[in-house]
Structure formats: structure tokens, C-alpha cells
Amino acid sequence: LGIGLFGLLALSLIGLQVLNTGPGQRFLASQLERIVPSSGLTIAVGRLEGSIYGRLIIHDLRVGDPQGVFVTAPRVELDWRPVAIIQRKLQINSLTAPTVRWLRLPRLNKTDNTGPILPNFDIYIGKLLLERVIIEPPVTGRRQLARLEGKVDIRDGRALVDAQATSTGGDR
């Protein structure tokens, strides 16, 4: 029994290491596109680079709804600790993107969910930086540029957000 459990643990650890290789990352990227909640929100990535267990670069991020893509980012740098998920926490030390394009407002499917908006697990983002957000005319009526920097801590049904944003439309 002990040898069997040890063998199962060893196979699990090998599997986790294989996911962190090029083919494993391609597999994860393809599986991410298959996850479609009832809201219709989709997330697709072109390529992953780095470690899926720490510092990761996401190339060609596309966020969509049933009508198609509404946000794109050519490069997103993510420094996170996925082990924290075991404790029902999403711990992101840093999430940065040099350029984000917001093409249009999302049109998600209506769902029967009537519960709280905030998730029932903790989310921590120590550094959030979107250096150049290109907001296209379908969003605000005219093209604008924006920048967002801050941090987020969602715990026990409360969201603490400390952020600064500016835009060429004069908003702060």
C-alpha cells in the first residue's frame, strides 16, 4: 500500500512538472479556451512562457463574450502563487501589461445566479499595472488612452481596492 501511494505521488509530481514544459503549456493554453461559463465569458491565450507555478508571461491574451473578443493584450506578465489555491486564495503578486486594447463593452449572457458578486475565495493582487489601455470608440464614444495602477485585496466578501487611473479624456 505504501509503495502504491508513493508511486501515485511520484506520478502526480511528474505530471505537474510536465505541465511546466513547452508541450504542457500549449496543452494548458488550449484547455483554457474550452472553459466557457454560463455567462459566455471566454479567455484565450496564444502562448505561455516561463513557469506556470510562478512568473509567467502570457502572449496574445484575448477576452471574449458570445459576440467575440472585447479585450486584447499582446503581453501580460503574471507573478503568482498557485499553491495558495489549496487554501482558497488566488495570490497574484504582480499583474502587468504594457498595452491593453478595450475594443467594446462586453455582452455576457444573463444567468440565473442571484448570489453575491464577489467570489467566496480570497483574491490578492499586490501590484496591478496596465501601462497603456487603448479604449476604442465603441466603449466611450471616442478613442482614449488610459493608465491603471493599484492593488486589490478581496477577502470575506469585501473588496479593498487602492488604485489610480488616468485617461486622455481627463478622468482620474
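The values are calculated or read from the model by the stated rules, or taken from the named source; none is laboratory data. All of these numbers come straight from a predicted model, not from anything done at the bench. Quick reminder, even Gly has a Cβ in these numbers, built from the backbone with ideal geometry, and neighbours come from all protein chains shown. Side chains included, ligands, DNA and RNA excluded: accessible areas come from the protein's heavy atoms. Shrake-Rupley method; radii C 1.70, N 1.55, O 1.52, S 1.80 Å.
Looking across region 71-99, the residues that are β-branched (V, I, T) and either open to solvent by less than 50 Å² (accessible area, probe 1.4 Å) or farther than 17 Å from L56 by Cβ (or both) come down to V71, T72, V76, I86, I92, T96, T99. Among the residues of region 81-111, those that are free of Cβ contacts under 8 Å to residues at least 40 places away in the same chain and touching a Ser or Thr at 6+ places or on another chain (Cβ under 8 Å) comprise V100, R101, L103. Of I57, I14, I43, I35, which residue is within 12 Å of the chain's Cα centre (by Cα) and farther than 23 Å from D153 by Cβ? Of I57, I14, I43, I35, the one residue that is within 12 Å of the chain's Cα centre (by Cα) and farther than 23 Å from D153 by Cβ is I57. Strands (runs of 3 or more DSSP E) fully within region 63-172 that include at least 1 residues being touching a Phe, Trp or Tyr at 6+ places or on another chain (Cβ under 9 Å): 68-81, 89-102, 122-135, 144-155. For region 143-172, filtered to residues that are open to solvent by 50 Å² or more (accessible area, probe 1.4 Å) and among the polar types (S, T, N, Q), the residue that is farthest from W80 (Cα to Cα) is T168. Scanning for something open to solvent by less than 60 Å² (accessible area, probe 1.4 Å), hydroxyl-bearing (S, T, Y), assigned to a helix (DSSP H, G or I) and over 21 Å from L148 (Cα atoms), does region 31-49 turn up at least one residue? Checked against the condition, which is being open to solvent by less than 60 Å² (accessible area, probe 1.4 Å), hydroxyl-bearing (S, T, Y), assigned to a helix (DSSP H, G or I) and over 21 Å from L148 (Cα atoms), region 31-49 yields no hits at all.
Of the residues in region 100-113, at least one is surrounded by 12 or more Cβ atoms within 10 Å (Cβ to Cβ), farther than 27 Å from L19 by Cα and among the β-branched types (V, I, T).
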